[in-house]
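The values are calculated or read from the model by the stated rules, or taken from the named source; none is laboratory data. Model, not experiment: these values are computed from the prediction. When we count neighbours, we look across all protein chains shown, and the Cβ atoms used for this are built from the backbone with ideal geometry, even at glycine. Protein only, heavy atoms only, side chains kept; ligands, DNA and RNA dropped before computing areas. Shrake-Rupley method; radii C 1.70, N 1.55, O 1.52, S 1.80 Å.
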Amino acid sequence: MSAISRSLPVCGAAAAVLATTLLAPGGASAAPAAPRGIVAPPDKIVIEIATVNGSGCPQGTTAVAVSPDNTAFTVTYSDYLAQVGVGAQPTDFRKNCQLNLIVHVPHGFTYAVASADYRGYAHLQPGASAVQKASYYFQGSPDTASRSHPFRGPYDNNWQATDETDWGQLVWAPCGVKRNFNINTELRVSAGTSDPAKTNSFIAMDSTDGDIKTIYRLAWKECPK
């Protein structure tokens, strides 16, 4: 797959969003072309993990890193796999992870998640199926953005899913108020018409280095004076 960059509409001179960049072959992230007029906060943002809960992210298997230009952050997992069939436990068909993040935003700015890239590997027998889901919301906010991506067997290959939100539909963090940001992801697999007594089907957020790297890209704008 070749790298693709696309800038989203800019809402006012003070607002900007990083170009969406699809991952290149082998899982490496292709260098994005900087869109004109991009305005990122002048100070570094800091993202901390407040809590991590879920069967897909046991303690010590999740980390967050922020890009140097403050326009994206990456969540890395190392143990996130759902499976059914030979060798699987009854509860392994569904794995989830809820991240509660504390985002320290520079004064005078607010942000929203404009896009998210997920990637992994799936091995699905004929008749089996899987789904990757994600939802995003700020603590105390009734607005939740949700996306899902289905996969059907036979399938034995890498997968990638991208969630994107139009500028007018972005859910912005409240200005001047600290609200934790929640990301809830889920992997689910079903044996369907395949025979779980003789076969195994699974879906994982995985890569060649054994980690799952999910990239979230941020849109920024200045708060009202």
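The set of residues in segment 109-124 that are more than 20 Å from the chain's Cα centre (by Cα) and open to solvent by less than 10 Å² (accessible area, probe 1.4 Å) contains only L124. Scanning segment 60-71 for residues that are surrounded by 20 or more Cβ atoms within 10 Å (Cβ to Cβ) and over 13 Å from K44 (Cβ atoms) returns a single hit, T62.
Against the condition open to solvent by 40 Å² or more (accessible area, probe 1.4 Å) and at pLDDT 85 or above, how does P90 come out, does it pass? So P90 passes the test. For segment 77-90, the condition holds for at least one residue, the condition being that it is outside any loop (DSSP other than H, G, I, E, B) and among the small types (G, A, S). Against the conditions (1) part of a strand (DSSP E or B); (2) more than 22 Å from the chain's Cα centre (by Cα); (3) not hydrophobic (A, V, I, L, M, F, W, C), K198 satisfies every one except (1). Looking across segment 125-148, the residues that are within 16 Å of the chain's Cα centre (by Cα) and either at positive phi or among the polar types (S, T, N, Q) (or both) come down to Q132, S135, T144, S146, S148.
For every residue, the table says whether it meets (1) closer than 18 Å to S115 by Cβ; (2) modelled with pLDDT under 75; (3) not small (G, A, S).
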| residue | (1), (2), (3) |
| --- | --- |
| L22 | yes, yes, yes |
| S29 | yes, yes, no |
| P32 | yes, yes, yes |
| V39 | yes, yes, yes |
| V52 | no, no, yes |
| S55 | no, no, no |
| Q59 | no, no, yes |
| T62 | no, no, yes |
| A65 | yes, no, no |
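Restricting to segment 204-213, and then to whatever is surrounded by fewer than 22 Cβ atoms within 10 Å (Cβ to Cβ) and not charged (D, E, K, R), can you tell me which residue is modelled with the lowest pLDDT? That would be T208. Checking each residue in segment 97-108 for being assigned to a strand (DSSP E or B), open to solvent by 30 Å² or more (accessible area, probe 1.4 Å) and within 22 Å of T165 (Cα to Cα) picks out Q98, I102. Of everything in segment 168-196, what is over 27 Å from A128 (Cα atoms) and open to solvent by 30 Å² or more (accessible area, probe 1.4 Å)? Give them in sequence order. Within segment 168-196, G168, Q169, V171, W172, P174, C175, G176, V177, K178, R179, N180 meet the criteria.
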